[in-house]
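None of the figures in this text is laboratory data; all of them are computed from the coordinates on show. What you see is a predicted model, and the numbers here were worked out from it, not measured in a lab. We place every Cβ from the backbone using ideal geometry, glycine too, and count neighbours over all the protein chains shown.
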Amino acid sequence: MQVIELSDHPSRMLQETERRRGVAQRQARAQFEAAHAQQLERVGRAVAARDQARAQRRWWAWWRAALTLRRERRRVPLPPQETASGDDDREEILKAGIVGEHTAVSGLAQLFDDDWILFRGYRNRGGEIDHLLLGPGGLIAIEGKHRNATVHCDGDNWWFDKYDRYGNRVDGGPIRDRGGRSPSVQLNEPADELQDFLRSCGQPIEIQRLVLFTHPRSRLGTCRNPTVRIATSTDEIPGLIRLLRPPLDPDQRSRLKDLIERDHRHHQARRPSRGPRGRAVTRRNVR
């Protein structure tokens, strides 16, 4: 299976989060050191005033200086925390996403031969699609989620339950991205946009949609009226693909490949803040 990396948004986001955390930590350390130096200076002045008053036998001044010294010694600034909890949470989410993407790529590489191409990080104005799998059997858009939980859905409404080893529910809630979209909406919006674009270019292909849960302890609970296909392992994907009859021939796949890359570059160029303009596409073969 050939892999074409169009973008690596999670890794860039992780690097940016780590960079921001490092900057915040350095600023907090500098502020602490400045405050500590000021406190030591105040203590030194209080010691000098106390000792001078004692040498001059000005006992009232000595008592006031002693109280000032005691107060200043108690005003020790607190050292900064090593990390901010919000950054920690964000980094853990991004790291889990990266692990999930690598798990998906590794699993897909074992299932599909060199007639298939896997695009990573395709983006258009509808959002980002983690993986686009193109081959004789069609075009499949895949949204990856790395959750240690039991997942449920009702149409485009998704939620999860998490249980401990004794079967007690310990966590749960809706599954949404930062924009409030459920996994199916998160996938369908850019997939619809891409499908319309391909049709406008004379390639009326239906894009299959799949939400893939990559965590080894992901479980599928109650799902009613799903708007996408759902799997908890890459091993399930070949059985979920609705193979085209007739299959896409090499010329069709080549045209679709070119259109997908062109469309991604177009939208990537319109989002300079999300990555380098006109990022080069890298290719490698995965066995």
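Applying the Karplus relation 6.51 cos²θ - 1.76 cosθ + 1.60 with θ = phi - 60° to region 256-266 yields 3J(HN,Hα) values of 5, 4, 4, 5, 5, 5, 5, 5, 4, 4, 4 Hz, where x marks Gly and Pro.
How would you order 60-70, 260-270, 120-130 from highest to lowest mean count of nearby Cβ atoms within 10 Å?
Listed from highest to lowest mean packing, they are 120-130, 260-270, 60-70.
Near VAL211, the amide H atoms lying under 5 Å from its own belong to GLU143, ARG229, ILE230, ALA231; only residues 5 or more places off or on other chains count, and H is placed 1.01 Å from N. What the Cβ-Cβ distance of ASP249 and GLN25 gives, at R0 = 41 Å and to the nearest 0.05, is a FRET efficiency of 0.15.
Around the amide H of TRP158, modelled in the peptide plane, lie the amide H atoms of ILE175, all under 5 Å away and 5 or more residues distant in sequence or on another chain.
3J(HN,Hα) along region 125-142, derived from phi through the Karplus expression 6.51 cos²θ - 1.76 cosθ + 1.60 where θ = phi - 60°, amounts to 6, x, x, 10, 10, 4, 9, 10, 9, 10, x, x, x, x, 10, 10, 9, 10 Hz, with x in place of Gly and Pro. The H on the amide N of LEU220, modeled in the peptide plane, is under 5 Å from the matching H of VAL151, each at least 5 residues off or on a different chain.
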